[in-house]
1. Going down the list K119/K239; K119/K218; K190/K219, which pairs span over 30 Å between their C-alpha atoms?
2. Stretch Y161-K88 to full length: gain in nm at 0.36 nm per residue minus the Cα-Cα span?
3. Can you tell me the convex hull volume per residue for segment 35-84, based on C-alpha atoms, in Å³ to the nearest whole number?
4. Keeping every protein chain in place, order E159, E87 by accessible area at 1.4 Å, biggest value first, i.e. largest first.
5. How long is the gain from T225 to T242 if the chain were fully straight, where each residue apart is worth 0.36 nm and the alpha carbon distance is subtracted?
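The values are calculated or read from the model by the stated rules, or taken from the named source; none is laboratory data. As the structure is a computational prediction, the values presented were derived from the model and not from experiment. The protein model used for the area step is the full one, side chains on, heavy atoms only, and it has no ligands, DNA or RNA in it. Shrake-Rupley method; radii C 1.70, N 1.55, O 1.52, S 1.80 Å.
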Amino acid sequence: MNTGSQRASAMVRPDGSGIRVLVVDDEPTISDLLAMALRYEGCVVRTAADGTQALREATDFDPDAVVLDIMLPDLHGLEILRRLRSEKPSVPVLFLTARDSVEDRVAGLTAGGDDYVTKPFSLEEVIARVRALVRRAVPVERDAVLRVGDLTLDEDSHEVYREGQSIQLTATEFELLRYLMRHPRRVLSKAQILDRVWRYDFGGQANVVELYISYLRKKIDAGRTPMIHTVRGAGYVLKPAT
């Protein structure tokens with residue numbers, strides 16, 4: 001394992017305890033390597049070899065993030081994700097998959113997964129992606145409320161309201177909306193959004209931004225005056241409804 005010449009800052013919660021990560025994979029070599037790499041980064045790690053164990057560990061361990069293999073011996077990864085989301089709607093999930101087709105990747109993201117890595121992968125890449133997920137999912141120490149028109153986002157409690165109605169978002173949707181709300185009326189390019197929200201090189205697949213913008217529109221703008229606008233050839237802008 002190449003950990004680099006200089007270790008990145010450890011992944012810890014505001015109280016100083018390690019980020020809790022659940023690794024689910026039926027290949028012991030993979031789960032052991034991932035667990036070792038994550039522990040090196042300061043995480044507290046548990047592993048599971050099948051879906052049944054994964055769901056049990058998720059309840060007992062209460063992870064801050066889950067690394068989930070799609071193909072498991074008992075339950076499909078998408079079914080595990082569905083059950084996880086019913087109990088822990090905001091926990092970020094990073095899919096591990098040997099499938100590399102656009103259809104499979106979109107299926108995982110559409111089902112609620114926050115990110116994916118295709119096998120074979122580098123440990124450094126997985127660590128970078130887990131770090132990006134937990135950075136925006138674990139509560140921060142400061143309490144800040146963002147307001148744009150009738151839309152409110154609480155950065156501490158991760159609660160979002162529009163017209164007084166609660167809106168449930170995944171970790172990635174929340175971070176995307178937060179970025180838009182921190183820059184109201186400003187056109188943000190896909191490259192800027194990728195750099196700030198995903199925080200790593202997504203291989204030029206900027207269509208993931210379009211996908212998550214569409215998710216946000218369905219939750220934020222559905223049945224209301226639109227706030228999220230596309231500026232053709234430039235990017236996206238969030239403006240108060242008028």
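1. Correct reply: K119/K239; K119/K218.
2. Working: separation 73, 0.36 × 73 = 26.28 nm, distance 1.91 nm.
So the extension gain works out to 24.4 nm.
3. 73
4. On the way: E159 85, E87 140 Å².
Largest to smallest exposure gives the sequence E87, E159.
5. On the way: separation 17, 0.36 × 17 = 6.12 nm, distance 0.73 nm.
Full-extension gain reported as 5.4 nm.
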